[in-house]
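These notes are about the structure you will find just below.
The values are calculated or read from the model by the stated rules, or taken from the named source; none is laboratory data. Quick caveat, the model's predicted, so the values are computed rather than measured. Because the Cβ atoms are built from the backbone with ideal geometry, glycine has one as well, and the counts that use them run over all protein chains shown.
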Amino acid sequence: MDRRALSADPADLARDLLGCVLVRVLGDGRTLAGRIVETEAYLGVADRACHSFAGRRTPRVEPMYAPGGTAYVYFTYGMHCCMNVVCGKPGEPVAVLLRGLEPLEGLDAMHAHRARAGRPILDDALCRGPGNLCKAFAIGLDLSGADMTRDARLWLARGSLTPAESRRVRATPRVGIGDAGAWTKRRLRFLLDGSPGVTRA
DNA sequence: ATGACGATTTACT
DNA sequence: GTAAATCGTCATA
């Protein structure tokens, strides 16, 4: 997807990214791909749940101020990374968090990335959840700030929902944000109801 | 330098 | 349902 498409308003883009494909090319040339089925929009300086709330501009969030199509990856809970697609007008620190994918290509590598002692992981669960998605795709802090309209390691491909799927799109409040006042209730999470890649309660 | 806190996940009672 | 894991980041000093 190009700069123009990725410069849309976050709530619009969060909805429109459903059905699009996240593509990752590993260092060894292997390709991973997944279809986006769950997203959240973060609306910038006015949004209490957003990292750039009140104009906050630290080294971590700096990529949010970059042009649409920039990746913003952050580390949290001492063990997980989450990735966003920066969007909006130039300099506007808004973004869309990727929360769930349906694995399409490179399942072997995803399994290898997610592997841990104990139980096997179902294909459907490989990229379910923002932390799991990043783990499966080997997306770390090194990719924060990457320009996904140019970078050979990570980009977005256009995709669509079938008419039947479009009818299954839902909007709900965002997950995991603390008390963000009125922003807590805003329906800025978008998901394809029924998809195995969507997080459950 | 220090302390509190996560846009989470998993395991266990 | 509850709790633990685990550390980069940032505000405070």
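Among residues of region A:164-188 that are in contact (Cβ under 8 Å) with a residue 24 or more places away in the chain and closer than 24 Å to A:G19 by Cβ, those with a Cβ under 8 angstrom from a residue that is loosely packed, with under 14 Cβ neighbours inside 10 Å and among the acidic types (D, E), sequence gap 6+ or separate chain, pair up as A:R168/A:D193; A:V169/A:D193. Taken over region A:45-72, the criterion of being under 27 Å from A:D193 (Cα atoms), surrounded by 22 or more Cβ atoms within 10 Å (Cβ to Cβ) and within 9 Å of DNA strand B (Cβ to nearest atom) is satisfied by A:D47, A:C50, A:Y72. In the condition set (1) modelled with pLDDT of 95 or more; (2) within 16 Å of DNA strand C (Cβ to nearest atom); (3) within 26 Å of A:G29 (Cα to Cα); (4) of a type outside the set (D, E), A:R116 is compliant with all but (1).
Does A:I139 qualify as being hydrophobic (A, V, I, L, M, F, W, C), within 14 Å of DNA strand B (Cβ to nearest atom), assigned to a loop (DSSP other than H, G, I, E, B) and surrounded by 21 or more Cβ atoms within 10 Å (Cβ to Cβ)?
Details: hydrophobic (A, V, I, L, M, F, W, C): yes; within 14 Å of DNA strand B (Cβ to nearest atom): yes; assigned to a loop (DSSP other than H, G, I, E, B): yes; surrounded by 21 or more Cβ atoms within 10 Å (Cβ to Cβ): yes.
Answer is yes for this residue.
Just one of the listed residues (A:D28, A:D16, A:D12) is at pLDDT 95 or above and more than 15 Å from the chain's Cα centre (by Cα), namely A:D28.
Just checking, how many residues over region A:142-201 are assigned to a strand (DSSP E or B) and within 15 Å of the chain's Cα centre (by Cα)?
Narrowing region A:142-201 to residues assigned to a strand (DSSP E or B): A:147, A:154-157, A:169-172, A:189-192.
Now restrict to residues that are within 15 Å of the chain's Cα centre (by Cα): A:147, A:154-157, A:189-192.
Selection size over region A:142-201: 9.
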